[in-house]
Amino acid sequence: MAATFLPAFVAIIAIFSIFLSPRAKSDGAFFKGLSPDGRQPGLITLIFSQVTTWIFARSLMNAAILGYYYGLWGALAYAAYYLSFLTGAAIIDSLRFRHGCDSVQEFLRLRFGGAGASCYNLVIAIRLVSEVFANLLVIGILFGADGSHAYVIAILGFSAITLLYSTLGGLHASLRTDVFQMGVFLVVLAVLIAIALTADDFSFATLLFKPFVIDDPGPILLAVALLQVWSYPMHDPVMMDRGFLADRKTTRRSFIHAAWISSLCITLFGCLGVFAGAQALQGEDMNAALTRLLGETPMLIFSAALVVSAMSTLDSTLASSAKLAAVDMRLLRPTLANGRIAMAVFMLAGLLCVFFGSKDLFAAVAVSGTASMYLTPVVFFSLWRDWRDVPLWSYLTSFCVAVGGAALYFTESSGYSNLIEPLVGVSHKYSKLLLISLIVMTVGCAAFWMGARFPFRSSRTPQPVLE
């Protein structure tokens, strides 16, 4: 049944997505999500698009895995990242209506010159490639073992289908398909939760099988999320792009509703992992435990939820990739043809990462989130407090420390280095991540404070660039 259900399900979702993707005939539709008659997206479209593009396959899998190993606190730790919608709403509102900017790049270019925008573009380009990679990786895992023919064919076929309908309509097509895909996801999730609640071995007491111990990995990861949530939305171009599509009231409401809907969905999905972890036999992995507890059919529904979320995230990621290359970075002229070329390039980069890169799903989140923390002092001081005398060296210091911290966490968590434990006695990778995050945030904020209070004459903030 599994051999036929998932391919058929993918085919149905793909057919409907292609049907809902009208060919873009203007730059406004392709890059700004405008309808053929020039209308901006409405509230429901924005909410569903925000939620479904952030509840991606990697997130669902991560939430379930963290719940399996670390209990409810692991699931809640991952759900805490979805508070980014609230901080993201404040960031967007300040960018658009206080500072009058049309993008994050414009704000950074005004405050820190071309170097400021270039650092940001580098971080979000890596972020977009990691999104393509991670969601394709989940699809491959669903269809077969790593490196198997089914694994390779599933990834290549899924990427081709998603690229096809994404290049047809750009951001407008992504918004339309997001609404459809979110509707399907909600139905699938509701069915899956109902099955879990009626399972013989389920009880609400099982969700608390891991007690709260402050130095356990779950609570530690929750603390990491609460540190990274201030900057995390600003480095996510998919979220930021959707903050510039509608009027102020609609945008603000869409972010607020997306926050509680996505947090609830992620927590519920994470609880499936908690349920499996509480009932798991020795040596049993999460999928095996869930299959034993729920049965084959619910696990197919579990896989279907991952397929829908992967497709909805990929098309949005490709739309943001086109906008990044052609509009924000200005590497190409903002034409429909160039936008489609950019999508193909980012898809290819993601495929290369799948077949030649790391297979650790949460590592991509942690590395990306740590690198994004260079933006924390930008948000606190430049954006919200409107400090205009922060010099470029402060910004570059924050950037270098954050990127260095992200690289250090990657090498530590992957086993390539062990520098932190001999120095401070911290051994678990999430404890190391918390320490790195604290250092990155402290150094970045200190650099901004010192730069504003004691600026070096040779590195003043550049004047706005007139173009």
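The values are calculated or read from the model by the stated rules, or taken from the named source; none is laboratory data. Everything numeric in this text was worked out from a predicted model, so none of it was measured. As a convention, Cβ positions derive from the backbone with ideal geometry for all residues, glycine included, and neighbour counts pool all protein chains shown.
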> How about the range 408-422: which of its residues are among the aliphatic types (A, V, I, L, M) and touching a residue at least 12 places away in the same chain (Cβ under 8 Å)?
Replying inline: LEU408, ILE420
> Among the residues of the range 97-107, is there at least one that is surrounded by fewer than 18 Cβ atoms within 10 Å (Cβ to Cβ), under 24 Å from the mean Cα position of the chain (by Cα) and in a loop (DSSP other than H, G, I, E, B)?
Replying inline: yes
>> Every residue in the range 324-346 that is within 20 Å of SER159 (Cα to Cα) and free of Cβ contacts under 8 Å to residues at least 60 places away in the same chain, please.
In response: ALA325, ALA337, ASN338, ILE341, ALA342, VAL345
> How many residues does the range 428-442 contain that are in contact with a Leu (Cβ under 7 Å, 6 or more places away or on another chain) and of a type in the set (Gly, Ala, Ser)?
Replying inline: 1
> Of the residues in the range 15-56, how many are closer than 28 Å to PHE85 by Cβ, outside any loop (DSSP other than H, G, I, E, B) and among the aliphatic types (A, V, I, L, M)?
Replying inline: 6
> Do you know which residues across the range 22-67 are closer than 30 Å to ALA289 by Cβ and either touching a strand residue (DSSP E or B) at 6+ places or on another chain (Cβ under 7 Å) or among the polar types (S, T, N, Q) (or both)?
Replying inline: THR52, THR53, SER59, ASN62
>> β-branched (Val, Ile, Thr) and either more than 19 Å from the chain's Cα centre (by Cα) or under 26 Å from TYR165 (Cβ atoms) (or both): is that true of THR45 in this structure?
In response: yes
>> Condition first: closer than 30 Å to PRO219 by Cβ and more than 20 Å from the chain's Cα centre (by Cα). Can you find one or more residues in the range 48-57 that meet it?
In response: no
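Assess whether GLY283 counts as being farther than 28 Å from VAL132 by Cβ and either surrounded by fewer than 17 Cβ atoms within 10 Å (Cβ to Cβ) or of a type in the set (Lys, Arg) (or both). Step through it out loud before you land on a result.
Values: farther than 28 Å from VAL132 by Cβ: yes; either surrounded by fewer than 17 Cβ atoms within 10 Å (Cβ to Cβ) or of a type in the set (Lys, Arg) (or both): yes.
In short, yes.
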> Among the listed residues SER159, SER103, which satisfies the condition of being in contact with an Asp or Glu (Cβ under 7 Å, 6 or more places away or on another chain), at pLDDT 90 or above and not acidic (Asp, Glu)?
Replying inline: SER103
> Can you pull out the residues in the range 250-278 that are crowded, with 24+ Cβ neighbours inside 10 Å, within 24 Å of ALA199 (Cβ to Cβ) and not hydrophobic (A, V, I, L, M, F, W, C)?
Replying inline: GLY270, GLY273, GLY277
> Does LEU136 count as crowded, with 23+ Cβ neighbours inside 10 Å and assigned to a helix (DSSP H, G or I)?
Replying inline: yes
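Determine, yes or no, whether SER17 is touching a helix residue (DSSP H, G or I) at 6+ places or on another chain (Cβ under 7 Å), surrounded by 22 or more Cβ atoms within 10 Å (Cβ to Cβ), within 15 Å of ALA319 (Cβ to Cβ) and among the hydroxyl-bearing types (Ser, Thr, Tyr). Quick ask: steps written out before the conclusion?
Working: touching a helix residue (DSSP H, G or I) at 6+ places or on another chain (Cβ under 7 Å): yes; surrounded by 22 or more Cβ atoms within 10 Å (Cβ to Cβ): yes; within 15 Å of ALA319 (Cβ to Cβ): yes; among the hydroxyl-bearing types (Ser, Thr, Tyr): yes.
Here the answer is yes, as SER17 does meet what is asked.
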> Do we find a residue being out of contact with any Ser or Thr (no Cβ under 6 Å at 6 or more places or on another chain), of a type in the set (A, V, I, L, M), part of a helix (DSSP H, G or I) and without any contact (Cβ under 8 Å) to a residue 60 or more places away in the chain anywhere in the range 392-399?
Replying inline: no
> What pairs come up if the first residue lies in the range 347-361 and is under 8 Å from PHE133 (Cα atoms), the second is at pLDDT below 85 and surrounded by fewer than 18 Cβ atoms within 10 Å (Cβ to Cβ), and their beta carbons are under 6 Å apart, counting only those six or more places apart or on different chains?
Replying inline: none
>> Quick check on my filter: what residues within the range 377-398 are under 29 Å from PHE133 (Cβ atoms) and surrounded by fewer than 24 Cβ atoms within 10 Å (Cβ to Cβ)?
In response: VAL379, LEU396
> Within the range 433-448, restricting attention to residues that are of a type outside the set (S, T, N, Q) and free of Cβ contacts under 8 Å to residues at least 24 places away in the same chain, which residue is surrounded by the fewest Cβ atoms within 10 Å (Cβ to Cβ)?
Replying inline: ALA446
